[in-house]
Every structure is written in structure tokens, then in C-alpha cells.
Amino acid sequence: MTQHERTAIVTGAGSGIGRATSHRLVAEGYRVCGLDIDEAGLARTADTAPSGQFTVRVVDLTDVAALEAVLAEVVVEEGVPDLLVNNAGVGVAATTPETSVADWERTIGVNLGGVFHTCRVVLPHMVARGEGVIVNVSSVAGIVGVRRRAAYCASKAGVIGLTRAIAADHAAEGIRVNAVCPGTVDTEWIGKILASAPDPDAARAAMEARQLDGRMGSPEEVAAGIAFLASPEARFVNGSALIMDGGMTAV
């Protein structure tokens, strides 16, 4: 690792926004360590990244001991990250009564607990160095209610609250932490939802219609927002939630 090489950790790097973000950061000169439970997905992300610029660690974010061990290993082997992107997420289509205890715990554990535990481990290293950037991937579902996404909405609202709390606690120590709140983005996860719908074409049309311009966002567009928040141009942005939803929440 050269003296000026920037490093980043990206969770959920095996698909969707995490893969696009990893590729974007590598293109901008970062050495990226991708974390995911999906080993095959990480391999596909690595296949299209320059050799040596994208490394992988397979880990379940809800296994706190394993996550702590992996992050400690990354810090020792690759240095304190300049950037932490908490992107990993899961969801379940259910109202509150329909949500099982297991689905609730998994959703909160990955979407909110994963952010908490990565920040809890990485932040002290950033603070000791006197600088660091964190970008957490929330959702418009953390701002407004979405039907049949009770656990998901709760987890993503928690991410925004945690983002602001970390900024309040650590801004004076050189830390910037912000969230992005995507609307409907055309990822593999959305593809699975559509495939399970009674009429996939009608379901896709309904999802596209939620945005003012009548289309879903792309993972690359969200990655561009994350890259901006990580950049020096966003030095005056801290504790914010950047909505990237094609106008979904504007009306």
C-alpha cells in the first residue's frame, strides 16, 4: 500500500449498490475491502475490479464476534480505513403482525445492528488518527412509511438516527458521517421481489411509477452519491441524510 492510497470498507459488496460503490471507489483510487455473507457475489464483484484493489472478507454481520475479528484483521493488514460504507441490508414483505420474531431480529440485526457494530469497532481507529468518513445506506423507507415493510422501515429510520448521533458525538474529532436514502433502485433484491409477484411486469410498472420520472434508480447513481459524500467536496456535509429517490418523497 502506497503512502497516499486511500482505503475503504464496503459492507454488502456482493451485489447491487454495494458492488457499484466498490467499483466506483476503486475507479477513484481507493483500495476497497468488501464484506458480505455472499461469497459468490463477492467473487463476481472482484472479477470486474483491478487486481489487488478489491479484497474480500466473507462474514455475517449478525455474528458480532466474527465481525469484530474480521474488522480487526482488516485494520492490521490494510490499515485504518479512510472510508466506511455501511450498505448491507435485508428486508421482508410484511406488516407488523405478519412479521415473525426471526424476521424482525434478522432485519434489525443486519440493517441497524450491522451499522452499529462496524462503527463501534472502526470509529476508535478513525478518532485516534483524527479523521475518517462514514456513509450509511438508509432508505426513503427510513423517512416515510412503506406498506408491508414494517421491520425494514424501522431499521432504516434507526440508521438515520444513529448517523446523526455519531456525527454529533465525533464531528469535533475529525469524523464525518452521513446517510444516503435511496428510493426504488433496480438491484438484484428488487429483481427477486418482482419475480415473486403474481404479475412481475405490472409490479415493475408500479415501482417505476413511484418516481417522478417514471423509472427506478440505478446502483451506479447511488454509488455516485456515496462517492460525493466521501469526497473533499462534501467536507461541510455532516449528520445529513441525502435523499436519492427520483422525487418519490417529494409528492
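The values are calculated or read from the model by the stated rules, or taken from the named source; none is laboratory data. Computed from a predicted structure; not experimentally measured. When we count neighbours, we look across all protein chains shown, and the Cβ atoms used for this are built from the backbone with ideal geometry, even at glycine. These accessible areas exclude ligands, DNA and RNA; they are computed on the full protein's heavy atoms, side chains included. Shrake-Rupley method; radii C 1.70, N 1.55, O 1.52, S 1.80 Å.
Filter segment 43-93 for residues that are in a helix (DSSP H, G or I), open to solvent by less than 20 Å² (accessible area, probe 1.4 Å) and out of contact with any strand residue (DSSP E or B) (no Cβ under 7 Å at 6 or more places or on another chain) and give the result.
The answer is 67, 71.
If I ask for residues that are aliphatic (A, V, I, L, M), assigned to a loop (DSSP other than H, G, I, E, B) and in contact (Cβ under 8 Å) with a residue 24 or more places away in the chain, which ones from segment 121-173 would you list?
Pass one, segment 121-173, residues aliphatic (A, V, I, L, M): 121-123, 126-128, 133-135, 137, 140-141, 143-144, 146, 150-151, 154, 157, 159-160, 162, 165-168, 171-172.
Checking the rest, the ones that are also assigned to a loop (DSSP other than H, G, I, E, B) come to 143-144, 146.
Residues satisfying the conditions are 143, 144.
Condition check ((1) under 22 Å from residue 64 (Cβ atoms); (2) crowded, with 22+ Cβ neighbours inside 10 Å) across all residues:
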| residue | (1), (2) |
| --- | --- |
| 116 | yes, no |
| 131 | no, no |
| 163 | yes, yes |
| 169 | yes, no |
| 176 | no, yes |
| 181 | no, yes |
| 186 | no, no |
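Go through segment 4-23 and count every residue that is touching a strand residue (DSSP E or B) at 6+ places or on another chain (Cβ under 9 Å), under 19 Å from residue 187 (Cβ atoms) and either of a type outside the set (S, T, N, Q) or surrounded by fewer than 24 Cβ atoms within 10 Å (Cβ to Cβ) (or both). Quick ask: steps written out before the conclusion?
Initial filter on segment 4-23 (touching a strand residue (DSSP E or B) at 6+ places or on another chain (Cβ under 9 Å)): 5-19, 21-23.
From what's left, under 19 Å from residue 187 (Cβ atoms): 10-19, 21-23.
Of the ones still in play, those that are also either of a type outside the set (S, T, N, Q) or surrounded by fewer than 24 Cβ atoms within 10 Å (Cβ to Cβ) (or both) are 10, 12-19, 23.
Adding up the residues that qualify gives 10.
Restricting attention to segment 31-42, and to residues there that are open to solvent by 10 Å² or more (accessible area, probe 1.4 Å) and assigned to a strand (DSSP E or B), which single residue is farthest from residue 115 (Cα to Cα)?
Narrowing segment 31-42 to residues open to solvent by 10 Å² or more (accessible area, probe 1.4 Å): 31, 36-40.
With assigned to a strand (DSSP E or B) added as a condition, the list becomes 31, 36.
Values: 31: 21, 36: 13 Å.
Among them, the one singled out is 31.
Can you report the number of residues in segment 10-52 which are polar (S, T, N, Q) and within 15 Å of the chain's Cα centre (by Cα)?
Initially, segment 10-52 is screened for residues polar (S, T, N, Q), giving 11, 15, 21-22, 45, 48, 51.
With within 15 Å of the chain's Cα centre (by Cα) added as a condition, the list becomes 11, 15, 21-22.
Residues that pass the stated criteria total 4.
For segment 143-155, does any single residue satisfy the condition of being under 18 Å from residue 229 (Cα atoms) and buried (at least 21 other Cβ atoms within 10 Å of the Cβ)? Give the steps one after another, and end with the answer.
Start the filter on segment 143-155 by keeping residues that are under 18 Å from residue 229 (Cα atoms), which leaves none.
No - not one qualifying residue is present in segment 143-155.
Name every residue in segment 194-227 that is under 30 Å from residue 176 (Cα atoms) and hydrophobic (A, V, I, L, M, F, W, C), in order of residue number.
Within segment 194-227, the subset under 30 Å from residue 176 (Cα atoms) is 211, 216-227.
Those that are under 30 Å from residue 176 (Cα atoms) and hydrophobic (A, V, I, L, M, F, W, C): 216, 222, 223, 224, 226, 227.
Mind checking which pairs have a first residue in segment 79-98 that is touching a residue at least 60 places away in the same chain (Cβ under 8 Å) and a second that is open to solvent by 50 Å² or more (accessible area, probe 1.4 Å) and β-branched (Val, Ile, Thr), Cβ under 9 Å, 6 or more apart or different chains?
Listed pairs, sorted by first residue: 88/37.
Which is of a type outside the set (S, T, N, Q), out of contact with any helix residue (DSSP H, G or I) (no Cβ under 8 Å at 6 or more places or on another chain) and within 20 Å of residue 191 (Cβ to Cβ), of 43, 69? First the steps, then the outcome.
Values: 69 fails: within 20 Å of residue 191 (Cβ to Cβ).
Selected residue: 43, the only one of 43, 69 that is of a type outside the set (S, T, N, Q), out of contact with any helix residue (DSSP H, G or I) (no Cβ under 8 Å at 6 or more places or on another chain) and within 20 Å of residue 191 (Cβ to Cβ).
Could you tell me how many of the residues in segment 215-236 are in a loop (DSSP other than H, G, I, E, B) and open to solvent by less than 40 Å² (accessible area, probe 1.4 Å)? So that I can check it myself, show each step before the final result.
Here is the first cut: in segment 215-236, the ones in a loop (DSSP other than H, G, I, E, B) are 215-216, 218, 231, 235-236.
With open to solvent by less than 40 Å² (accessible area, probe 1.4 Å) added as a condition, the list becomes 216, 218, 231.
Of the residues in that region, 3 qualify.
Can you work out which of the residues in segment 237-251 that are outside any strand (DSSP E or B) and of a type in the set (Gly, Ala, Ser) is farthest from residue 211 (Cα to Cα)?
Kept after step one, since they are outside any strand (DSSP E or B), are these residues of segment 237-251: 237-240, 245-251.
Now restrict to residues that are of a type in the set (Gly, Ala, Ser): 239-240, 246-247, 250.
Details: 239: 25, 240: 22, 246: 5, 247: 6, 250: 9 Å.
It comes out as 239.
Is there any pair with a first residue in segment 52-69 that is at pLDDT below 95 and a second that is buried (at least 16 other Cβ atoms within 10 Å of the Cβ) whose Cβ atoms are under 8 Å apart and which are 6 or more apart or on different chains, and what are they?
Partner pairs satisfying both residue conditions: 52/31; 53/26; 53/30; 53/31; 53/32.
Considering (1) crowded, with 17+ Cβ neighbours inside 10 Å; (2) touching a residue at least 60 places away in the same chain (Cβ under 8 Å); (3) in contact with a helix residue (DSSP H, G or I) (Cβ under 6 Å, 6 or more places away or on another chain); (4) closer than 18 Å to residue 139 by Cβ, say which one residue 243 fails and leave the rest.
Single failed check for residue 243: (3).
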